[in-house]
Structures are given as C-alpha cells and as structure tokens.
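Report on the following structure.
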Amino acid sequence: MKKSKDMETPTLEQLRAELQKENYRSNYSRVLRSTVYALLVVAAVAALVAVLLLPVLQITGTSMSSTLEDGDVVVALSGARYKTGDVVAFYYNNNILIKRVIATAGDWVDIDEEGTVYVNGEALEEPYLTEKAFGDCDITLPYQVPDGRNFVMGDHRATSIDSRNTAVGCISDELVLGRIFLRI
C-alpha cells in the first residue's frame with residue numbers, strides 16, 4: 001500500500017514547532033485575559049474612590065470667582081471635617097454646588113449694605129474676596145444659623161445665590177459632599 005503525499009507523518013521538528021505555536025496561543029490568551037481582568041478591577045476601584053472618597057468636580061458658573069473659575073476641576077474630600085472659611089461641595093436640587101462656609105450652627109450672621117459680613121458681631125476678614133456686595137438677600141438679618149446647618153456664601157457675592165436667599169438657605173450637614181482640598 002502506498003502512502004499519499006497528503007498523509008505524511010510529521011517530523012519531530014514540525015511537531016515541536018506546532019507545540020510552540022499552541023503554547024504561545026495559550027499563553028497569549030491567558031496573559032490577555034489576566035490583563036483585561038486587572039484593568040477592570042483597577043477601573044472599578046478608581047471609580048469607587050472617585051465617587052465615594054475623592055469626588056472630582058468641574059466648576060460651572062462664576063459664583064466662586066476669583067477663587068475658582070468656570071471650567072476649573074477640583075477634588076473634594078468626602079467625610080472631611082470642615083470649618084468656617086473652608087470651601088465645600090454640597091447637594092442642592094440634584095446638583096452639586098460649591099460655596100464657602102461662613103458660619104455654623106448657632107452663629108449669628110449679619111451683612112451691612114456694603115457687603116461686610118459679621119459673624120457673632122465681628123467682621124470677617126475675607127482676603128479671598130475681590131469685591132464685597134450685599135447680593136441677593138431675602139432673609140431677615142441678623143440671622144441665626146439653625147442646628148445641624150451651615151451658612152454658605154459664594155466668593156463672587158454680587159452674583160452668587162447662597163444662604164442669603166431662601167431659595168438655597170442654610171445647608172444641612174448631611175448634604176455636604178466634602179471639603180474642596182485640591183484645584184487641578
């Protein structure tokens with residue numbers, strides 16, 4: 001019986017070459033799969049950190065000019081303690097607003113016609129302001145900040161809608177997303 005040319009027995013070198021190809025394909029698939037899984041895990045962890053611990057926000061509007069300008073990107077530290085003078089991000093009507101904490105629970109706030117802010121009878125030193133303004137104020141002054149709330153104002157007082165207006169009012173501690181600690 002004659003063997004056909006199509007059914008020749010492979011040589012040892014051909015078998016080794018074929019085995020190397022199969023090993024390469026197997027290793028390539030394994031490395032590719034593990035790389036994709038690692039990238040997915042890193043992306044998930046980064047998303048969780050960005051949402052839960054360090055939210056990254058982009059500024060829109062001019063209420064915090066000249067401290068923060070339209071288009072700036074900032075990072076907030078969730079759960080961070082904040083105090084008077086700190087800039088915070090907070091939820092308001094399904095939006096996130098950024099304002100400066102002027103007074104906390106129990107403090108008395110008063111604003112004169114020129115826009116000088118007084119907390120507990122003492123004028124605030126506000127070096128971050130480029131100009132003072134009374135702004136859009138429809139609350140009765142002097143005003144006492146309720147328990148569990150913060151009185152916030154934008155740094156561009158002429159255009160900022162903030163705690164001086166009942167539309168926003170004082171913000172609850174629970175609505176504070178975090179203290180702004182980095183501008184990119």
Contacts under 7 angstrom Cβ, first residue in the stretch 68-85 being free of Cβ contacts under 8 Å to residues at least 12 places away in the same chain and surrounded by fewer than 14 Cβ atoms within 10 Å (Cβ to Cβ), partner among the polar types (S, T, N, Q) and part of a loop (DSSP other than H, G, I, E, B), 6 or more apart:
D70/T60; D70/T62
Top-ranked residue of the stretch 147-184 - restricted to ones that are surrounded by fewer than 18 Cβ atoms within 10 Å (Cβ to Cβ), touching a strand residue (DSSP E or B) at 6+ places or on another chain (Cβ under 8 Å) and charged (D, E, K, R), ranked as nearest to N93 (Cα to Cα)
D173
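Can you spot a residue in the stretch 44-61 that is in contact with a helix residue (DSSP H, G or I) (Cβ under 8 Å, 6 or more places away or on another chain) and part of a loop (DSSP other than H, G, I, E, B)? So that I can check it myself, show each step before the final result.
At the first step, the residues of the stretch 44-61 found to be in contact with a helix residue (DSSP H, G or I) (Cβ under 8 Å, 6 or more places away or on another chain) are 56.
The next check asks that each one be part of a loop (DSSP other than H, G, I, E, B); those that pass are none.
Checked against the condition, which is being in contact with a helix residue (DSSP H, G or I) (Cβ under 8 Å, 6 or more places away or on another chain) and part of a loop (DSSP other than H, G, I, E, B), the stretch 44-61 yields no hits at all.
Please work out if I161 is of a type in the set (V, I, T), in contact (Cβ under 8 Å) with a residue 24 or more places away in the chain and in a loop (DSSP other than H, G, I, E, B). Can you show your working first?
Details: of a type in the set (V, I, T): yes; in contact (Cβ under 8 Å) with a residue 24 or more places away in the chain: yes; in a loop (DSSP other than H, G, I, E, B): yes.
The answer is yes for I161.
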Any chance V109 is over 17 Å from L177 (Cβ atoms), β-branched (V, I, T) and part of a strand (DSSP E or B)
yes
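If you check V152 against the conditions, is it under 27 Å from V51 (Cβ atoms) and not polar (S, T, N, Q)? Write out each step before concluding.
On the way: under 27 Å from V51 (Cβ atoms): yes; not polar (S, T, N, Q): yes.
Yes: the conditions hold for V152.
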Got a number for residues in the stretch 27-67 being touching an Asp or Glu at 6+ places or on another chain (Cβ under 8 Å), among the aliphatic types (A, V, I, L, M) and loosely packed, with under 13 Cβ neighbours inside 10 Å?
0
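Could you check, for the stretch 40-48, whether at least one of its residues is aliphatic (A, V, I, L, M) and in contact with a Lys or Arg (Cβ under 8 Å, 6 or more places away or on another chain)? Walk me through it before giving the result.
Going through the stretch 40-48, the residues aliphatic (A, V, I, L, M) turn out to be 40-48.
Those left that are additionally in contact with a Lys or Arg (Cβ under 8 Å, 6 or more places away or on another chain): none.
No.
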Going by the conditions given, is T104 among the polar types (S, T, N, Q), surrounded by fewer than 16 Cβ atoms within 10 Å (Cβ to Cβ) and either in the same structural domain as M64 (by TED's automatic domain parsing) or under 30 Å from the mean Cα position of the chain (by Cα) (or both)?
no
Sole exception among (1) modelled with pLDDT of 95 or more; (2) over 23 Å from L182 (Cα atoms); (3) of a type in the set (G, A, S) for A103, by number:
(2)
Scanning the stretch 112-126 for residues that are among the small types (G, A, S) and surrounded by fewer than 16 Cβ atoms within 10 Å (Cβ to Cβ) gives G121, A123
Of all residues in the stretch 135-155, count the ones that are within 12 Å of V117 (Cβ to Cβ), outside any loop (DSSP other than H, G, I, E, B) and either touching a residue at least 60 places away in the same chain (Cβ under 8 Å) or not hydroxyl-bearing (S, T, Y) (or both).
3
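Does E18 satisfy the criteria of being exposed (fewer than 10 other Cβ atoms within 10 Å of the Cβ) and in a helix (DSSP H, G or I)? Before the answer, list the steps.
Values: exposed (fewer than 10 other Cβ atoms within 10 Å of the Cβ): no; in a helix (DSSP H, G or I): yes.
So E18 fails the test.
The values are calculated or read from the model by the stated rules, or taken from the named source; none is laboratory data. Everything numeric in this text was worked out from a predicted model, so none of it was measured. So basically every Cβ, Gly included, is an ideal-geometry build from the backbone, and we count neighbours across all protein chains shown.
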